[in-house]
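See structure below.
The values are calculated or read from the model by the stated rules, or taken from the named source; none is laboratory data. The model shown is predicted, which means the values in this text are computed figures rather than measured ones. Cβ coordinates were reconstructed from backbone atoms using ideal geometry, including for glycine residues, and neighbour counts include every protein chain displayed.
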Amino acid sequence: MKSILKCAVALILDASLCLLPVGCGTNSASETGENISPADVSASVRIITVNIANPTRFENDYILYEGQTPDDYTMNKRFVRFCALVDYYSPDVIMMQEVNGRGGWWDYLIDNEDSFINRYTKYGYVGNVNLAGGTNGGGNRGTFYNQVYYNKNKFELIDGGTFFCRDDKTSPENQYTGDYEGIYNASNTTTCSWAVLKDKKTGVTAVYGSTHLCTRPNPAQCFRNYGQARNLTEGLYAVAERYKRGDKALPVVVGGDFNGDPSHEGFYAYSHMTENAHYVDSKTVAPVEDNSGTARIFGKTVQNNGIRIDYVFHQGAEVTDYFVLKGTFIEDKTQTYCEYNTDPVLDGTQYDLTDHLPVYAKLKINGRAYSVAPEDYVNPVTANDEVITAGTGINATANKIIFDSPEILGYVGQNVNKGFNANVVESNGRYCLKLTVPKSRIDPIISIDYGLLTESLGLTAVSAERCRRIKIEYRLICTKDASSVHFGASAAESIPVSIGVNTAQIVREKGEWTSKVLDFSGVNGVFWSDKFNYFAVATGVGLMAGDGIYIRSIELL
């Protein structure tokens, strides 16, 4: 049996690891003198990240190896294979995704008498909150956990936990923040479990995280991975800054299933990680190149130059080894013990652990290395508009509103304001209402309270039942072609717009001013009865930070 040759490579810490100083925060570990890494030492860390695949039993047509069936992929058999993988590589840190609750992986990893942590007593773990908010093994196989396992003989656990990759990182509730995960229900989100680990021998301390993002061919789902990645890096940096060494945030290593290949045009998370958030993709700087993909779905061989969806990203570390674990497992007749074969045999006589190929990375973290905060993308087209702070009054009739006075802002966002900033600005020689998103978001919405405006001006609101056409003069700025913006109106008190019901999509005309008449003749029901109450702007597929819409006027025809 051929084994993998591991080469020791002597590297010098690159000065680029110390990128930028960072500001002070609260609860700094330096206040108590804990976790301070000596500047002249480094720690070597062996890492494996693996999406363990949460089904307790796969469907028959999911197993494509000749002669194999779902009986070859029971939880017990896959657990034995996982243990064989750990025996072979003896990782210091294991980042795991899709760990389902009781009745699934939780039993085999934690609860059973012969569980992983009972069998391998040197390992501890972090990650007891699942993507729906359940804890300690609760939840079904769809509400999985992302976890970090660490060698207790090597590391001291300083702290650990789980946050949700959304604006409110304490809650899994749907908050229109760009999240879409798990079973593709918008009320679900994704999580990152993290551990602050201090090397007992050297004192070098770093943050290690495990996560699972969403990328799919559907443009809306692709866009969501950017929001998830943005919140992921914000959350990890907050931890790194909280336990900083002196005035420097700790180095960060995060692995997991990012569900996208760098070549995928909708994989916006990758550009965020490597450009806006300053992370290094370990594969791209490895001493020995491995271009293998990481998707191998039980017989669908995707290996060399294939789809790569599993990653180890880092800030403040050097890569001394990196490769995809393409091996297969040889089991004995009772299937209670197996060996890991580094030369994969894909003819059906050997077995896989999961439908992903694990990734191995060996990193060297220096005591003076650190991380820096992510930068959010801002569209340069909208960044330098001049805000108008003085006006001569609102220019409006019952049939037409011209957004040329800052006084109009008193009627913007009165009932719903999620994700948009509102200003009246001068842009390209015109005064207008500027609605932009300060953070990349999947579905922001903002309303203009037409009913309150007409009442304040002593005007009689136009009947929505008689007026079915609305003219809007606008300028739309979108970074991504997948972004979509919708405009609508409503006479209902409670809901300003519902995309696809009482809205029409407005399109980008190369960022130029555009006048468009929207015809709502087919709209009926509570959205379009009595007098107009609201106008609203909403997005179906989101906007990047700094994107938005300028509105010069809205006219009822």
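Is it true that Gly548 is assigned by TED's automatic domain parsing to the domain that holds Asp404, of a type outside the set (D, E, K, R) and surrounded by fewer than 22 Cβ atoms within 10 Å (Cβ to Cβ)? Spelling it out, it is not the case that Gly548 is assigned by TED's automatic domain parsing to the domain that holds Asp404, of a type outside the set (D, E, K, R) and surrounded by fewer than 22 Cβ atoms within 10 Å (Cβ to Cβ). The number of residues in the stretch 49-88 that are within 20 Å of Asp332 (Cβ to Cβ) and either part of a loop (DSSP other than H, G, I, E, B) or aliphatic (A, V, I, L, M) (or both) comes to 10. Checking each residue in the stretch 112-135 for being more than 26 Å from Ile158 (Cβ to Cβ) and either touching a residue at least 24 places away in the same chain (Cβ under 8 Å) or touching a strand residue (DSSP E or B) at 6+ places or on another chain (Cβ under 7 Å) (or both) picks out only Ala132.
So that you can scan it fast, the table gives a plain yes or no per residue for (1) touching a helix residue (DSSP H, G or I) at 6+ places or on another chain (Cβ under 8 Å); (2) surrounded by fewer than 16 Cβ atoms within 10 Å (Cβ to Cβ):
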| residue | (1), (2) |
| --- | --- |
| Asn423 | yes, no |
| Asn428 | no, yes |
| Leu433 | yes, no |
| Ile442 | yes, no |
| Ile445 | no, no |
| Tyr450 | yes, no |
| Glu455 | no, yes |
| Ala464 | yes, no |
| Ile470 | no, no |
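Can you pull out the residues in the stretch 480-536 that are closer than 30 Å to Val381 by Cβ, of a type in the set (Lys, Arg) and in contact (Cβ under 8 Å) with a residue 12 or more places away in the chain? Correct list: Lys480, Arg508, Lys516. What pairs can you find where one residue is in the stretch 306-320 and on the phi > 0 side of the Ramachandran plot, the other is in a strand (DSSP E or B), and their Cβ atoms are less than 9 Å apart, with a gap of 6+ or different chains? From the stretch 306-320, the pairs are Gly316/Ala206; Gly316/Lys248; Gly316/Ala249; Gly316/Val252; Gly316/Val253; Gly316/Ile365; Gly316/Asn366; Gly316/Ser371. Taking the stretch 375-412 as the range and being within 23 Å of Arg469 (Cα to Cα) and either touching a Lys or Arg at 6+ places or on another chain (Cβ under 6 Å) or outside any loop (DSSP other than H, G, I, E, B) (or both) as the test, the residues that pass are Asn395, Ala396, Lys400, Ile401, Ile402, Ile408, Tyr411, Val412.
In the stretch 69-119, what residues are touching a Ser or Thr at 6+ places or on another chain (Cβ under 7 Å), within 18 Å of Ile47 (Cβ to Cβ) and either among the polar types (S, T, N, Q) or surrounded by fewer than 16 Cβ atoms within 10 Å (Cβ to Cβ) (or both)? Residue satisfying the conditions is Gln97 alone.
Residues checked against (1) within 25 Å of Arg242 (Cβ to Cβ); (2) modelled with pLDDT under 95; (3) assigned by TED's automatic domain parsing to the domain that holds Pro438:
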{"site": "Gly124", "(1), (2), (3)": "yes, no, no"}
{"site": "Glu156", "(1), (2), (3)": "yes, no, no"}
{"site": "Phe164", "(1), (2), (3)": "yes, yes, no"}
{"site": "Ser171", "(1), (2), (3)": "yes, yes, no"}
{"site": "Gly182", "(1), (2), (3)": "no, yes, no"}
{"site": "Asn185", "(1), (2), (3)": "no, yes, no"}
{"site": "Thr190", "(1), (2), (3)": "yes, yes, no"}
{"site": "Thr211", "(1), (2), (3)": "yes, no, no"}
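In the set (1) modelled with pLDDT of 95 or more; (2) not in a strand (DSSP E or B), the condition left unmet by Gln335 is number (1). Pairs meeting the criteria (first residue in the stretch 368-392 and surrounded by fewer than 15 Cβ atoms within 10 Å (Cβ to Cβ), second residue hydrophobic (A, V, I, L, M, F, W, C), beta carbons under 9 Å, at least 6 apart or on different chains) are Glu375/Ala277; Glu386/Val425; Val387/Val424; Val387/Val425; Thr389/Val424. Give the stretch 422-464 a look and list any residue that's in contact (Cβ under 8 Å) with a residue 40 or more places away in the chain, farther than 27 Å from Tyr226 by Cβ and assigned to a loop (DSSP other than H, G, I, E, B), or say none. Within the stretch 422-464, Asn428, Leu457, Leu459, Thr460, Ala461, Val462, Ala464 qualify. Taking the criterion of being over 23 Å from Ser42 (Cα atoms), among the hydrophobic types (A, V, I, L, M, F, W, C) and under 24 Å from the mean Cα position of the chain (by Cα), the residues of the stretch 264-323 that qualify are Phe267, Ala269, Met273, Ala277, Ala295, Ile297, Ile307, Ile309.
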